[in-house]
Amino acid sequence: MPADSSILFVNQHYWPDVAATGQHLTDLAEYLAANGFRVRVLCGHSGYRAGERLEAPAREVRRDVEIHRVRVPRFQRAANRHGGRAAGYLAFHAQAGLRLAIAKPPDLVVSLTTPSLIAFSVRTVCAPRGVPYGIWSMDLHPDVEERMGLLPGRRITAPTLHAVSRAAYRGADFVVALGPYMAERVRSRLKETNSVQEIPVWSRADEIWPVGPKENRLRSQLGYGCDDFVVMYSGNAGMAHRFEEVLVAMEHLRNHEDIHFLFVGGGPKRRELEREAAARRLPRFAYRDYFSRDWLALSLSVGDIHLLTLREDMAGLVAPSKLYGIMAAGRPTIMVGPPDSEPGATIREARIGTVLAPTVVPEVSGRVLAEEILRFRDSADVRRETGDRARRVFMCRYEKDIACRQWAALLSERVGD
């Protein structure tokens, strides 16, 4: 790319925020900066966790990336406070748009999709100034909100927001989708001249690797012995995920004293899960807060197998990134969700676990899930072979440098045009 060209990324989350979009953007921005790109990031000052204020300056340079943070309300992710969350989103839209309008224009802007429809604010500022922009489509909005029933006055609001979203995508110089199912949905809203690229998100081999039970000090600190079998769910428990079958499976396995269920992270469904587990008096259930990023190898290796869930109507709208961390840790995955989705297809094609399509009756799917957990528990050879295969596929397809090289090639081409 030309030495004097610059790229600006816009996303509400960035380092030191724990949000997945922020972590992936941090990886990419720092990779690009280390490889000769001039990179700026415009992000928010509030953290992913409810009420969290990041201890970070409004402006700083970290690893050759210039970071600008704008203030957004702390209450935006408080449980069940959709009005507060919307206020935070609008605040970021307004402040990010203003900052874009008054700052020296970069050669290219790349908008992520947090908050919803931020790409439209980017388009509103970039189009009159003749600045090209691309969209890194982490989720498809407002489709996600519509499926979750979060749009007030949906007969009026939904069509308007869909029109806004289409305008943002159609004005983009390029769109990066996370996989083929999302790319198909993106193409349905674009003109033929738009370029849609497929680049998956990733995990990092230097952060996550397999750690055995005997060597994992975190596993022992959490109270699990080498003979315990830990079923783990790590990451956001969000509205796009389903847990009915998981709760049923835990009930079916309550008398297996060696089987433990460990949830790590947060999200709007965490309290619901904790209440349900308490109401059902489920034994050997624990919920822990997020571990810091430098503990990921130990944290993800605590689980002997991992759970991943996705609502059927979310296929192609979201692509949970937690799968790649599980693969990096060399662990099998049991997914409850649509086989025809980014994670479902990866698990099936790479043979790194099992995908259970939900039935109409969660009790039936839950029993099948319990049987599958027992199958993995009862065969250490199957777990080892599946986990080893997951690590190999990860290293070939989903390691950070592989995806970031694809991004570097794309951006070099776009900035060099």
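Taking the criterion of being open to solvent by 40 Å² or more (accessible area, probe 1.4 Å) and of a type in the set (S, T, N, Q), the only residue of the stretch 12-32 that qualifies is 23. If only residues of the stretch 134-161 that are touching an Asp or Glu at 6+ places or on another chain (Cβ under 8 Å) and more than 17 Å from residue 111 (Cβ to Cβ) are counted, the one that is surrounded by the most Cβ atoms within 10 Å (Cβ to Cβ) is 147. All of 92, 75 fail the test of being under 18 Å from residue 17 (Cα atoms), modelled with pLDDT under 95, open to solvent by 30 Å² or more (accessible area, probe 1.4 Å) and not in a loop (DSSP other than H, G, I, E, B), apart from 75. For the stretch 164-199, filtering for residues that are in contact with a strand residue (DSSP E or B) (Cβ under 9 Å, 6 or more places away or on another chain), open to solvent by 30 Å² or more (accessible area, probe 1.4 Å) and assigned to a loop (DSSP other than H, G, I, E, B) leaves 2. Of the residues making up the stretch 249-295, those that are under 30 Å from residue 140 (Cβ atoms) and touching an Asp or Glu at 6+ places or on another chain (Cβ under 6 Å) number 1.
For residue 348, the criteria (1) over 20 Å from residue 177 (Cβ atoms); (2) assigned to a helix (DSSP H, G or I) hold in every case but one, which is (1).
Conditions tested, residue by residue: (1) modelled with pLDDT under 95; (2) hydrophobic (A, V, I, L, M, F, W, C); (3) farther than 20 Å from residue 350 by Cα.
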| site | (1), (2), (3) |
| --- | --- |
| 386 | no, no, no |
| 393 | no, yes, no |
| 398 | no, no, no |
| 407 | no, yes, yes |
| 412 | no, no, yes |
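The residues in the stretch 375-401 that are open to solvent by less than 40 Å² (accessible area, probe 1.4 Å) and part of a helix (DSSP H, G or I) can be counted, and the count is 8.
Within the stretch 37-53, the residues that satisfy the criterion of being open to solvent by 10 Å² or more (accessible area, probe 1.4 Å) and at pLDDT below 95 are 48, 49, 50, 51, 52, 53. Taking the stretch 313-340 as the search range and keeping residues that are closer than 20 Å to residue 385 by Cα and among the β-branched types (Val, Ile, Thr), which one is surrounded by the fewest Cβ atoms within 10 Å (Cβ to Cβ)? Among those that are closer than 20 Å to residue 385 by Cα and among the β-branched types (Val, Ile, Thr), it is 334.
Only residues that are over 28 Å from residue 216 (Cα atoms) and either part of a strand (DSSP E or B) or of a type in the set (Asp, Glu) (or both) were counted in the stretch 313-341, giving 4.
The values are calculated or read from the model by the stated rules, or taken from the named source; none is laboratory data. Since we're looking at a predicted model, the values are computed, not measured. Every residue, glycine among them, receives a Cβ derived from its backbone with ideal geometry; neighbour counts consider all protein chains shown. These accessible areas exclude ligands, DNA and RNA; they are computed on the full protein's heavy atoms, side chains included. Shrake-Rupley method; radii C 1.70, N 1.55, O 1.52, S 1.80 Å.
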